[in-house]
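J.: Okay, here's the structure, questions in a sec.
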Amino acid sequence: MIAYVKGIIDDISEDNAVIDVGGVGINVRISADTASRLPGVGESVKLYTYTSVREDAFLLYGFLTRGDLEIFKKLITVNGIGPKGGLSILSVMDADDLRFAIMSGDSKAISRAPGIGAKTAQRVILDLKDKIEIDDTMISREIGGHSVSPPAADSAQKQEAVAALVSLGYGQAESLKAVNSIEGIEEMDSGAVLKAALKKMF
């Protein structure tokens, strides 16, 4: 119904943003991850939106990228995952982390979301695994007018470190995220990468 909301940020909380559009304040429900990536109060923002119409409420859910919106729309098709559950999952992991978790079967990472149990997390993986293309995990982010693709575990030391972290009980998605966040990784061997990644986990 409403494709996006573009205006000035009037207020931000963990789960809601008030966007001033031509002098009208519009409440947009957001995930904690989106809240952490928004520019500050008084700054301009564009949020791609999903409209939820209920008997007692008309709600907008907002996302910084079309990719985030699309994964949210897939999430809420899963039985037991409504818009609130979708935001809960996207509050503990971003869209790319969720895609990696679904494709790798990492229900542990998904079940860390408040209100999402192990069975529901497994249902998310079962229902969405065939709907997530491998190329989707490399979807470009469209923030601030710049296109930035998240890196994959594309070197031997990265792959070995991810495998080691998973064997220690960490989830595939969070392991990959920790390894990809290490600076200067090209100059490190797999042991050094593993140590650096473990520090990121704490």
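J.: Looking at this structure, is Gly117 of a type in the set (Gly, Ala, Ser) and modelled with pLDDT of 85 or more? Talk me through it step by step, then tell me what you get.
T.: Details: of a type in the set (Gly, Ala, Ser): yes; modelled with pLDDT of 85 or more: yes.
In short, yes.
J.: While we're looking at this one, here's another question. Starting from the stretch 1-27, keep only residues that are on the phi < 0 side of the Ramachandran plot, then list their pairs with residues that are aromatic (Phe, Trp, Tyr) and surrounded by 13 or more Cβ atoms within 10 Å (Cβ to Cβ) whose Cβ atoms are within a distance under 6 Å, requiring at least 6 positions of separation or different chains.
T.: As it stands, the answer is Tyr4/Tyr48, since those pairs meet every condition given.
J.: Right, another one. Evaluate the following for Glu186: is it among the acidic types (Asp, Glu) and at pLDDT 75 or above?
T.: On the way: among the acidic types (Asp, Glu): yes; at pLDDT 75 or above: yes.
For Glu186, the condition - among the acidic types (Asp, Glu) and at pLDDT 75 or above - is met.
J.: Moving on to the next point. Can you tell me how many residues within the stretch 92-110 are closer than 25 Å to Leu64 by Cβ and either of a type in the set (Gly, Ala, Ser) or at pLDDT 90 or above (or both)?
T.: Going through the stretch 92-110 one residue at a time, the tally reaches 5.
J.: Being of a type in the set (Lys, Arg) and within 16 Å of Asn16 (Cβ to Cβ) is the filter here, so list the residues in the stretch 30-86 that pass it. Can you show your working first?
T.: Narrowing the stretch 30-86 to residues of a type in the set (Lys, Arg): 37, 46, 54, 66, 73-74, 84.
Scanning the stretch 30-86 gives Arg37, Lys84.
J.: May I ask you to verify whether Pro150 is within 16 Å of the chain's Cα centre (by Cα), modelled with pLDDT under 85 and not hydroxyl-bearing (Ser, Thr, Tyr)?
T.: Working: within 16 Å of the chain's Cα centre (by Cα): yes; modelled with pLDDT under 85: yes; not hydroxyl-bearing (Ser, Thr, Tyr): yes.
Judged against the criteria, Pro150 is a match.
J.: Which residues, taken from the stretch 56-66, are within 14 Å of Lys46 (Cα to Cα) and either among the acidic types (Asp, Glu) or within 11 Å of the chain's Cα centre (by Cα) (or both)?
T.: If we filter the stretch 56-66 for residues that are within 14 Å of Lys46 (Cα to Cα), which is where we start, we get 60-66.
If the condition is that a residue be within 14 Å of Lys46 (Cα to Cα) and either among the acidic types (Asp, Glu) or within 11 Å of the chain's Cα centre (by Cα) (or both), then Phe63, Leu64, Thr65 are the ones that fit.
J.: Ok, one more. Please enumerate the residues belonging to the stretch 43-94 that are part of a strand (DSSP E or B), under 16 Å from Asp15 (Cβ atoms) and in contact (Cβ under 8 Å) with a residue 40 or more places away in the chain.
T.: Result: Leu47, Thr49, Leu60, Gly62.
J.: Same structure, new question: Examine the stretch 42-64 for a residue that is in contact with an Asp or Glu (Cβ under 9 Å, 6 or more places away or on another chain) and loosely packed, with under 13 Cβ neighbours inside 10 Å, and state whether such a residue exists.
T.: The answer is yes, given that some residue of the stretch 42-64 is in contact with an Asp or Glu (Cβ under 9 Å, 6 or more places away or on another chain) and loosely packed, with under 13 Cβ neighbours inside 10 Å.
The values are calculated or read from the model by the stated rules, or taken from the named source; none is laboratory data. Being a predicted model, the structure only gives us computed values, none of them experimental. Reconstructed Cβ throughout: ideal geometry from the backbone, glycine too, with neighbour counts over all protein chains shown.
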